[in-house]
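In what follows, a structure is listed as structure tokens, so that the remarks can point back to it.
The values are calculated or read from the model by the stated rules, or taken from the named source; none is laboratory data. Note that the coordinates shown come from a computational prediction; the quantities given were computed from them, not determined experimentally. Counting neighbours? That spans all protein chains shown, and the Cβs are built from the backbone with ideal geometry, glycine included.
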Amino acid sequence: MIFRKLHMGFTVAMTILVVSGCGSTKLLDTEKTSKTLQLSAKQREVARTKIQQIEKIVEDYELEKETLETELTEMRNQRRAGTTGLGGRGGMGGNRGAGMGGGLQAKMQSFYQQRKEYQNQIDVLVAEMQVILNEEQREKFADIKLPELELPEVGRGRNLGGNRRRGGGGRFGGFGG
């Protein structure tokens, strides 16, 4: 029994060490990125500036995403309660779609357009960083995990864009543009 517990504890500890040791470098971790790429002092300064700009974009995006998620949750709760937020009932007839229709669609379109603009800004900054790298550093840069502009959560594990796509593929975190 004791051997079993020790074996289980050892297995868990090794798993944690392996997983944490194998974690890829994240672009927003400036120090780890600098070490991984073995940046010179000049390269480090340029990279730090670009990474700070990317961090700001990601922060702005996350704030907008949280705001949209909150609004969508409120609208969904109003629908469940039978109101549209416009003073009407959300029953089977009447103005059921009034609170969810044009206003929501316009917000979602605006959000997706802003997301696309943020993504383009990040892509430009990443490209500008890659320009200062030598060939060996560019090869290592390909393994660095870029930040993802994840889609808002809606309801139970769903998001606005259908199934969540993570990692690989596309130009940036699985999203091709």
Note to self: Looking only at the range 104-150, filter to residues that are in contact with a Lys or Arg (Cβ under 7 Å, 6 or more places away or on another chain) and part of a helix (DSSP H, G or I); which one of those is farthest from residue 39 (Cα to Cα)?
What the structure shows: 123
Check: Quick check, is residue 127 of a type in the set (A, V, I, L, M, F, W, C) and at pLDDT 95 or above?
Finding: yes
Notebook entry, point to check: How about the range 54-97: which of its residues are among the hydrophobic types (A, V, I, L, M, F, W, C), exposed (fewer than 13 other Cβ atoms within 10 Å of the Cβ) and either at pLDDT 85 or above or closer than 30 Å to residue 124 by Cα (or both)?
Noted result: 63
Next item on the list: Report the residue count in the range 29-43 for those that are surrounded by fewer than 16 Cβ atoms within 10 Å (Cβ to Cβ) and assigned to a helix (DSSP H, G or I).
Entry: 5
